[in-house]
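Participant: The structure under discussion is supplied below as structure tokens; questions concerning it will follow.
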Amino acid sequence: MHAALGDFALRPQPEPLDVGMEEVLAVGEELRRLPSADRLLHALAADLAAQAGHAQALIAVRQVLDQARLAIQQGAACPAFSVLVQQTEDHMLTATRPSLLPVINATGVIIHTNLGRAPLCQSARAALTTLTAGYTNLEYDLAAGARGSRYDHATQLLARLTGAEAALVVNNNAAAVFLVLSAVAVGREVVISRGQLVEIGGGFRIPDVLRASGARLVEVGTTNRTHLRDYAQAVTLQTAALMRVHFSNFRQLGFTAEVGLADLVSLAHSQGLLVVDDLGSGTLLDTTLFGLSPEPTVQASVAAGADLITFSGDKLMGGPQAGLIVGRAELIARLRSHPLARALRVGKMTLAALNATLLHYLRGDALTALPVWQMIAARPVDLRARVESWLQTLTAIGIQASAVEVASTVGGGSLPGETLDSVALAVPLTPGLIERLRQGSPPVVARVAGQQALFDARTVLAEQDEALLSAIAKALLS
Ligand SMILES: *Cc1c(COP(=O)(O)O)cnc(C)c1O
């Protein structure tokens with residue numbers, strides 16, 4: 001027999017549709033048992049209904065009745081009245097609850113973009129509370145009694161900390177790169193190494209941003225090796241800048257070569273060109289203190305002579321989401337007066353948190369005050385002690401768990417492939433455990449390795465110990 005024909009013959013034939021008269025009558029009977037919208041509405045808990053508001057309550061009632069009607073038509077029985085009330089109340093609660101929630105990050109990834117990147121330090125949180133409740137001197141110069149600039153709350157600090165002449169703050173680093181290229185390279189060429197045409201998370205691709213800004217991308221070198229002569233040969237009368245982009249989330253190994261920033265700067269300046277340096281994460285502190293590779297510091301980039309440097313506020317800086325730009329005063333002035341600067345400008349909440357964060361760097365206590373750096377600096381011996389104390393609590397209530405050695409990562413497009421020795425609580429994986437943890441209150445995001453759920457102590461904030469343990473107990477015992 002022909003194979004295809006044989007296949008066909010083996011396929012199950014659909015059952016002929018056969019809905020008898022009795023079933024039709026039964027469905028009608030069940031549908032008539034459904035309560036009216038009004039009756040359901042009046043049965044809702046008064047406080048819940050008041051909290052959600054009449055309109056939301058009505059929407060929830062209709063959704064629940066529609067669902068029940070559909071289920072009955074497919075052969076289900078009419079749910080009990082109390083079940084319908086419960087379902088409606090659940091709908092109302094879900095619809096009117098804030099959707100942005102605090103989450104316990106037990107993944108061991110310190111700068112986790114999906115989980116909101118850097119947790120803010122205590123003083124940044126305090127600044128947000130005090131400064132958002134009322135009016136502020138956001139754009140009012142209190143000494144002069146005249147209009148001031150919102151940027152003054154961050155830019156002088158940034159310049160002082162990095163050694164740059166001037167600074168500017170925009171919404172995020174993607175915006176910073178976009179503004180820089182729009183302001184200094186529109187309609188002109190920007191030379192960049194093929195090894196640095198990176199894609200960061202969320203589809204942000206350096207070549208796309210470059211094109212969207214109106215600059216023309218000129219790629220030089222090869223994927224693994226780019227030399228100074230490659231840049232030199234690519235320079236034309238149309239060239240505006242040489243650009244360096246941090247590798248961010250990947251790493252080059254083996255037979256590789258990239259041009260150092262100092263060499264790039266001397267070539268550019270000898271030709272009257274600018275050097276734009278996208279540092280990505282950017283850091284003011286030395287990562288080698290913690291056994292990690294050197295992540296380029298902003299100060300080093302300024303000292304090497306880069307003209308405009310961009311980096312994120314919420315990666316290794318440990319502050320709020322922001323795009324920080326430092327560089328030469330005359331260029332920063334050009335960025336500030338560009339129409340895009342207004343479109344990309346930050347609000348008072350960002351400036352409040354950024355100002356408080358930067359002050360820690362100025363005072364020299366960033367390492368101990370900023371959560372990102374506290375987590376990077378946490379010692380395995382202390383993490384083990386913490387996990388041991390978790391174990392004691394869990395064992396006391398009859399939960400089997402153990403302490404295991406794991407590797408945390410910094411994340412956030414910094415130090416790819418590098419890990420920090422850490423300790424995690426390990427719990428045997430049971431069906432649905434990870435989902436129950438994720439949907440608990442507060443939600444816990446854990447890591448799965450083989451047949452275990454792992455909770456890396458490094459990224460669990462100190463004040464979250466109790467909440468974590470009760471979430472684990474609840475998810476395991478339910
Ligand atoms: C993270 C990153 C960006 C984007 O920064 P956001 O603050 O997320 O907008 C741009 N360039 C590099 C190299 C990065 O690592």
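The values are calculated or read from the model by the stated rules, or taken from the named source; none is laboratory data. The structure displayed is predicted, hence computed values, not measured ones. Ideal geometry is used to build each Cβ from the backbone, glycine not excepted, and the neighbour counts take in all protein chains shown. Accessible surface is based on the protein model in full, side chains and every heavy atom, while ligands, DNA and RNA are left aside. Shrake-Rupley method; radii C 1.70, N 1.55, O 1.52, S 1.80 Å.
Participant: Please work out which one of (1) open to solvent by 20 Å² or more (accessible area, probe 1.4 Å); (2) in contact with a helix residue (DSSP H, G or I) (Cβ under 9 Å, 6 or more places away or on another chain); (3) touching a residue at least 40 places away in the same chain (Cβ under 8 Å) is the condition V169 fails and give its number.
Facilitator: (1)
Participant: Continuing with the same structure: Would a scan of the range 268-278 turn up a residue that is within 22 Å of L157 (Cβ to Cβ) and either modelled with pLDDT of 95 or more or of a type outside the set (V, I, T) (or both)?
Facilitator: Yes: the range 268-278 contains one or more residues that are within 22 Å of L157 (Cβ to Cβ) and either modelled with pLDDT of 95 or more or of a type outside the set (V, I, T) (or both).
Participant: Considering only residues that are among the hydrophobic types (A, V, I, L, M, F, W, C) and in a helix (DSSP H, G or I), which ones fall in the range 145-161?
Facilitator: Within the range 145-161, L157, L158, A159, L161 meet the criteria.
Participant: Can you tell me which residue in the range 248-272 is farthest from the ligand (Cβ to nearest atom), limited to those that are among the hydroxyl-bearing types (S, T, Y) and assigned to a helix (DSSP H, G or I)?
Facilitator: S270
Participant: If you go through the range 279-304, how many residues are within 19 Å of R117 (Cα to Cα) and among the charged types (D, E, K, R)?
Facilitator: Of the residues in that region, 1 qualify.
To keep it simple, each residue is scored yes or no on (1) within 18 Å of the chain's Cα centre (by Cα); (2) of a type in the set (A, V, I, L, M).
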{"residue": "L93", "(1), (2)": "no, yes"}
{"residue": "T96", "(1), (2)": "no, no"}
{"residue": "L101", "(1), (2)": "yes, yes"}
{"residue": "I104", "(1), (2)": "yes, yes"}
{"residue": "R117", "(1), (2)": "yes, no"}
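Participant: On to the next question. Could you look through the range 89-135, keep only residues that are in a strand (DSSP E or B) and of a type in the set (A, V, I, L, M), and pick out the one that is farthest from D365 (Cα to Cα)?
Facilitator: So the residue we want is I104.
Participant: Would you pick out the residues in the range 246-267 that are modelled with pLDDT under 95 and β-branched (V, I, T)?
Facilitator: T256, V259
Participant: Which of (1) in contact with a helix residue (DSSP H, G or I) (Cβ under 9 Å, 6 or more places away or on another chain); (2) in contact (Cβ under 8 Å) with a residue 12 or more places away in the chain is the odd one out, the single condition A462 does not satisfy?
Facilitator: Failed condition: (2).
Participant: Can you say whether V245 is under 24 Å from the mean Cα position of the chain (by Cα) and either within 12 Å of the ligand (Cβ to nearest atom) or assigned by TED's automatic domain parsing to the domain that holds V302 (or both), as far as the supplied structure shows?
Facilitator: Taking the combined requirement at face value, the residue satisfies it.
Participant: Looking at the range 294-309, which of the residues that are under 30 Å from D421 (Cα atoms) and touching a helix residue (DSSP H, G or I) at 6+ places or on another chain (Cβ under 7 Å) is surrounded by the fewest Cβ atoms within 10 Å (Cβ to Cβ)?
Facilitator: P294
Participant: Being part of a loop (DSSP other than H, G, I, E, B), open to solvent by 10 Å² or more (accessible area, probe 1.4 Å) and farther than 18 Å from I332 by Cα is the filter here, so list the residues in the range 273-291 that pass it.
Facilitator: L284, L285, D286, G291
Participant: Continuing with this model, one more query. Name the residue that is farthest from Q86 (Cα to Cα), counting only residues in the range 33-65 that are in contact (Cβ under 8 Å) with a residue 40 or more places away in the chain and outside any helix (DSSP H, G or I).
Facilitator: G53
Residues are listed down the side, and each one gets a yes or a no for (1) surrounded by 15 or more Cβ atoms within 10 Å (Cβ to Cβ); (2) in contact (Cβ under 8 Å) with a residue 60 or more places away in the chain; (3) more than 28 Å from P296 (Cα to Cα):
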residue	(1), (2), (3)
L370	yes, yes, no
T395	no, no, yes
V404	yes, no, yes
S414	yes, yes, no
V427	yes, no, yes
I434	yes, no, yes
L476	yes, yes, yes
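Participant: Checking Y151 against (1) of a type in the set (F, W, Y); (2) crowded, with 20+ Cβ neighbours inside 10 Å; (3) within 15 Å of the ligand (Cβ to nearest atom), only one condition comes out false. Which one?
Facilitator: (3)
Participant: Here's a follow-up. Report the residue count in the range 164-209 for those that are near the ligand (Cβ under 10 Å from one of its atoms) and either under 20 Å from A268 (Cα atoms) or not assigned by TED's automatic domain parsing to the domain that holds A241 (or both).
Facilitator: Total meeting the criteria: 2.
Rundown of residues vs (1) in contact (Cβ under 8 Å) with a residue 12 or more places away in the chain; (2) in contact with a strand residue (DSSP E or B) (Cβ under 9 Å, 6 or more places away or on another chain), yes/no style:
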position	(1), (2)
L331	yes, yes
P339	no, no
V346	yes, yes
A352	yes, no
N355	yes, no
H360	yes, no
A366	yes, no
M375	yes, yes
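Participant: Take the residues in the range 310-345 that are polar (S, T, N, Q) and open to solvent by 10 Å² or more (accessible area, probe 1.4 Å); name whichever of them is farthest from the ligand (Cβ to nearest atom).
Facilitator: S337
Participant: Taking the criterion of being more than 16 Å from the ligand (Cβ to nearest atom), surrounded by fewer than 24 Cβ atoms within 10 Å (Cβ to Cβ) and closer than 30 Å to Y231 by Cα, would at least one residue in the range 350-357 satisfy it?
Facilitator: No; the residues of the range 350-357 include none that is more than 16 Å from the ligand (Cβ to nearest atom), surrounded by fewer than 24 Cβ atoms within 10 Å (Cβ to Cβ) and closer than 30 Å to Y231 by Cα.
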